[in-house]
1. Please name all residue pairs, on different chains or six or more residues apart, with Cβ atoms under 6 Å, provided the first residue is in segment 1-23 and is crowded, with 17+ Cβ neighbours inside 10 Å and the second residue is of a type in the set (Val, Ile, Thr) and modelled with pLDDT of 85 or more.
2. Inside segment 41-57, can you point out the residues that are open to solvent by less than 50 Å² (accessible area, probe 1.4 Å), within 13 Å of residue 68 (Cβ to Cβ) and either at pLDDT 85 or above or among the polar types (S, T, N, Q) (or both)?
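The values are calculated or read from the model by the stated rules, or taken from the named source; none is laboratory data. Treat the numbers as computed from the prediction; the structure is a model and nothing was measured. All Cβ positions, glycine included, derive from the backbone under ideal geometry; neighbour counts span all protein chains shown. What goes into the accessible areas is simple: the full protein's heavy atoms, side chains included, and nothing from ligands, DNA or RNA. Shrake-Rupley method; radii C 1.70, N 1.55, O 1.52, S 1.80 Å.
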Amino acid sequence: MPIRIEFFRLHNRSTARARLNRIYCVSPDLKDAITQAESLLKDTGMPQEPDAFALFDDQGNELYQARLTPTNPI
């Protein structure tokens, strides 16, 4: 299934997102896509450290979102 992974920073006082990177890939299922996103988080040199990532299908529907926190560093 085609997947779009977006890494972003979150604004503390609103729902605003600042996208740091967008990567397109193909994964057999959502679980594999999440694993791939977590791996890319560690390997992709981004200008800033992301606060969260989200996965989207080829229609632009958000399938999954994970916020990175000190208790959930991934």
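1. Listed by first residue and then by second, the contacts come to 5/23.
2. 50, 51, 52, 53, 54
This table checks each residue for (1) farther than 22 Å from residue 1 by Cα; (2) in contact with a Cys (Cβ under 8 Å, 6 or more places away or on another chain); (3) of a type in the set (Gly, Ala, Ser).
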| residue | (1), (2), (3) |
| --- | --- |
| 18 | yes, no, yes |
| 23 | no, no, no |
| 26 | no, no, no |
| 35 | no, no, no |
| 40 | no, no, no |
| 46 | yes, no, no |
| 49 | yes, no, no |
| 59 | no, no, no |
